[in-house]
Amino acid sequence: MSTQVITKARKAKKPFGKRATQFIWKYRWLHLFALLPIVYFIIFKYVPLLGLVAAFKNFKGFGGMAGILSAPNIGFKNFE
């Protein structure tokens, strides 16, 4: 009598995008709670650093963020 090897049919892997979406949805509350401190640090730690950039620029007060970043550097002339 010959023995037959019974193999399980392998499951086809889902596409990466589908798996990623399911993972994000499954742990959506964990992602939300992780997002809160990230937003906090961006708002209260990184945005104020733009004031340091403005201190070394010849900024006239118009143009918003684009005006600050496109203004010429003047070094320490604002501190004399």
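Taking Lys18, is it open to solvent by 70 Å² or more (accessible area, probe 1.4 Å), more than 29 Å from Lys77 (Cα to Cα), under 21 Å from the mean Cα position of the chain (by Cα) and modelled with pLDDT of 85 or more? Against the criterion (open to solvent by 70 Å² or more (accessible area, probe 1.4 Å), more than 29 Å from Lys77 (Cα to Cα), under 21 Å from the mean Cα position of the chain (by Cα) and modelled with pLDDT of 85 or more), Lys18 does not qualify.
Residues in segment 55-71: is at least one open to solvent by 90 Å² or more (accessible area, probe 1.4 Å), out of contact with any Gly (no Cβ under 9 Å at 6 or more places or on another chain), modelled with pLDDT of 85 or more and not small (Gly, Ala, Ser)? Taking every residue of segment 55-71 in turn, none turns out to be open to solvent by 90 Å² or more (accessible area, probe 1.4 Å), out of contact with any Gly (no Cβ under 9 Å at 6 or more places or on another chain), modelled with pLDDT of 85 or more and not small (Gly, Ala, Ser). For Trp29, the criteria (1) more than 28 Å from the chain's Cα centre (by Cα); (2) modelled with pLDDT of 80 or more hold in every case but one, which is (1). Note on segment 32-75: residues that are of a type in the set (S, T, N, Q) and within 26 Å of the chain's Cα centre (by Cα) amount to 1.
The values are calculated or read from the model by the stated rules, or taken from the named source; none is laboratory data. Note that this is a predicted model, so its numbers are computed, not measured. Here the Cβ is made from the backbone with ideal geometry for all residues, glycine too, and neighbour counts use every protein chain on show. Please note that ligands, DNA and RNA were not included when accessible areas were found on the heavy atoms of the full protein model with its side chains. Shrake-Rupley method; radii C 1.70, N 1.55, O 1.52, S 1.80 Å.
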